[in-house]
Amino acid sequence: MHPSRRNKVLNTVFRQAKSHKLIVASIAAVALVAGLLCVQYYLYAYAMAWHCLHGSYAEAGGHRLRLPISWWKQGTGSYDTYLLVRASPYVGSPESQIVVSPAGPGEIWKTNGEELQATQTMISTMNSHRHSDMVQSSFLVVLNSKRFTLYCRREESELQGIDILSHVSCDASGVPYSYTFDGPPAYEKEAESILSTLE
C-alpha cells in the first residue's frame with residue numbers, strides 16, 4: 001500500500017475512534033449527571049408517589065394532618081409513634097421531620113389555660129439553663145387549628161450567630177399526643193403550617 005494512502009486510512013480510523021470515544025464519554029457524563037440528580041431528588045419522587053397513593057392527609061394518633069407535596073408519612077414507629085418527613089435537595093443535610101408521639105404521664109392538661117401555663121413554665125426553665133458554646137433560646141408559639149389550640153415551645157440553636165437547627169414541641173389540651181418538629185430553620189414555618197391543620 002502506498003504510504004500516503006496508508007496515512008489517509010490511518011487518519012480516518014483514528015478520527016472515527018476519537019469520535020466514538022467522544023460519544024462514549026458524553027454518554028457516560030450524561031449518565032453520571034442523571035445518576036447524581038436521581039440520588040439528590042429521589043425523596044421528592046417518593047413524596048409525590050406517597051401523595052398519589054394516600055392523598056394529602058396523614059393520620060397520626062387518631063387525628064389528621066394535611067401534608068404539602070414534599071412531605072409524607074413514614075409509617076408507624078414503635079410505641080404508637082408516627083413520623084412525618086420532608087424531602088430535602090441537600091444530601092447529608094439535617095432531616096426535617098415531625099414526630100407524633102404519645103404524651104408522657106402528667107403531660108395531658110384538661111384546659112387551654114393549664115396547657116399554656118405548663119408550656120410557659122418549661123420555656124422559663126429552658127431559658128434559665130442556656131449553654132455557653134451554643135446560644136439556645138426558647139419562645140412561645142401558639143398555633144390554632146380547626147379543633148385545637150396548640151401551645152408550642154420553639155427553640156432556636158445558633159452557632160456564631162447562624163441559626164443551625166430549629167426544634168418546635170407542641171401540645172394541645174386533652175390530646176394524648178405531642179407534636180415535635182426538628183430540622184433546619186428554613187422549614188420551620190412549613191412545619192408550623194402543617195401542625196395548624198390538625199383535626
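Tabulated values for the structure
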read-out: Added length on full extension, which subtracts the Cα-Cα distance from 0.36 nm per residue, residue 196 to residue 158; value: 11.1 nm
read-out: Length released on extending from residue 128 to residue 64, taking residue separation times 0.36 nm less the Cα-Cα span; value: 19.5 nm
read-out: Distance in nm between pseudo-label sites at residue 120 and residue 149 (7 Å out along the Cβ direction from Cα); value: 1.1
read-out: Contour minus Cα-Cα distance for residue 140 and residue 49 (0.36 nm per residue); value: 29.2 nm
read-out: Gyration tensor (alpha-carbon) shape descriptor, the stretch 156-199, a/c threshold 1.5; value: prolate
read-out: Prolate/oblate/rounded label for the stretch 56-195 (Cα gyration tensor, a/c 1.5); value: oblate
read-out: Neighbour net charge for residue 123 - beta-carbon separation under 11 angstrom, K R +1, D E -1; value: +1
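Computed from the coordinates by the stated procedures, all read-outs in this text should not be read as laboratory data. Model, not experiment: these values are computed from the prediction. Here Cβ is always computed from backbone atoms with ideal geometry, including for glycine, and neighbour counts include all displayed protein chains.
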